[in-house]
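Below is one structure, written out as structure tokens; comments come after it.
Coordinate-derived values only; no laboratory data. Every value quoted in this text rests on a predicted model; they were computed, and no experiment measured them. Here the Cβ positions follow ideal geometry from the backbone for every residue, glycine too, while neighbour counts run over all protein chains shown.
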Amino acid sequence: MKIAILDDYQNVALSLADWDSLHSQVDVFDKPFGDEEAALAALTDYDVVVAMRERTPFPSSTLGRLPRLGLLVTTAPVNAAIDLDAARELDITVCGTGYFAHPTVELTWALILSAARLIPQQVASVRAGGWQVGLGTSLNGATLGILGLGRLGTRVAEIGAAFGMDTIAWSRNLTPEDALAKGVTCVARDELFSRSDILSIHIVLSERTRGLVGERELRLMKSTAILVNTSRGPVVDESALLRALDEKTIAGAALDVFDHEPLPAAHPLRSVPNAVVTPHIGYVSRDLHEVFYRDAVEDIAAWAAGSPLRLLT
């Protein structure tokens, strides 16, 4: 049995689980494939592939051209980049691993605080021999807007309350009663954008939510507001966001997710002065990666033994 571990950017997978227990050849790919053909050339001889979240897509065109692939394991229990219908038709088993959300919640607040208190600029000034630059923004008494009050959004709202923030939220199915039970005020969509001092996005990417935050929504926001996205890049119209940052129609953005990942080297978001940018590290924590790879090893062993699996549906 040949096993491929994909997109292990930090090259840590082998140290976080007992891969030797599988008594198989295990190869690590620590860089992303350039395109589908590169992925196919690299993976054609593997029986098992372990995918890191949605870093490498597996559409039907890829799955149908991997003749030996019998098991595809994705870290976490869902992966929108895998064509599950095609996998079923090709008799490829797809399963997932355990997951917990608190690393993303914690990063969301790291980004909020970094953007509000100008942490990157202050650090850069100190390192360059300078001292204070600019005036930060306090969170106490400010309005926190949550776009998507699900599991992650609710946790972010709870921490906002600890900072003394007034929290409002909107999503298509959110009711005033559900929001109130979470200590949050449900508002209309336009009001969410116009009232928020910090607007944090926590919705799943779908055809309904792609481009949900566009030119119109950004124009509704305060010139002092900060947009935070730890959800998925395409929820926000990237071109519209770049214009808003350049024209300073909003004060800044804090982003962990992007339309194309890894972010291209020459991408303008890498150099925008009023954006805090991190390389999609919301789920990149040691404890969560230990769960990912430990469960992946268990999935592979169970598949080889014909035992029950954490199947994706």
Quick one: 3J(HN,Hα) in Hz for the range 27-40, Karplus 6.51/-1.76/1.60 with θ = phi - 60°, rounded, Gly and Pro as x. 10, 10, 10, 9, 10, x, 6, x, 6, 4, 5, 5, 5, 5
For the pair Leu135 and Asn173, how long in nm is the line joining their label points, each one 7 Å along Cα→Cβ? 4.4
What's the FRET efficiency of Leu113 with Glu36 using the Cβ-Cβ distance as r and R₀ = 45 Å, to the nearest 0.05? 0.70
Which residues' amide hydrogens lie under 5 Å from the amide hydrogen of Gly150, considering only partners 5 or more residues apart or on another chain, with H built in the peptide plane? none
Run the quick spin-label model on Ser307 and Glu261: label points 7 Å from Cα toward the beta carbon, then report their separation in nm to one decimal. 3.1
Using only the alpha-carbon atoms, what does the range 102-277 span along each of its principal axes? Please give whole angstrom values in decreasing order. 52, 34, 29
For the range 301-311, in residue order, the Karplus 3J(HN,Hα) values (coefficients 6.51, -1.76, 1.60; θ = phi - 60°; whole Hz; Gly and Pro = x) are 5, 5, 4, 5, 8, x, 8, x, 10, 7, 6
All-pairs Cα distance distribution in the chain, expressed in whole percent, bin size 10 Å: 6, 25, 29, 22, 14, 4, 0
Report the gain in length on full extension from Asp166 to His102: 0.36 nm times residue separation, minus Cα-Cα distance, nm rounded to one decimal. 20.9 nm
About its Cα centre, what dipole magnitude does the range 160-313 give when the only charges are +1 on Lys and Arg Cβ and -1 on Asp and Glu Cβ, stated in debye to the nearest 20? 220
Computed for the range 1-158: size of charge dipole around the Cα centre, +1 on C-beta of each Lys and Arg, -1 on C-beta of each Asp and Glu, debye to nearest 20, value 780
Under the Karplus relation 6.51 cos²θ - 1.76 cosθ + 1.60, θ = phi - 60°, what is the ordered set of whole-Hz ³J(HN,Hα) values for the range 73-90, x standing for Gly and Pro? 9, 10, 5, 6, x, 9, 7, 6, 8, 10, 7, 5, 5, 5, 4, 4, 4, 8
Taking the dipole of the chain about the Cα centre (Lys, Arg +1; Asp, Glu -1; charges at Cβ), the one of Ser231, Thr62, Gly252 that reaches farthest to the positive side is Gly252
Rounded if a/c is under 1.5, else prolate if a/b beats b/c, else oblate: with a ≥ b ≥ c from the C-alpha gyration tensor eigenvalues square-rooted, which is the range 34-176? oblate
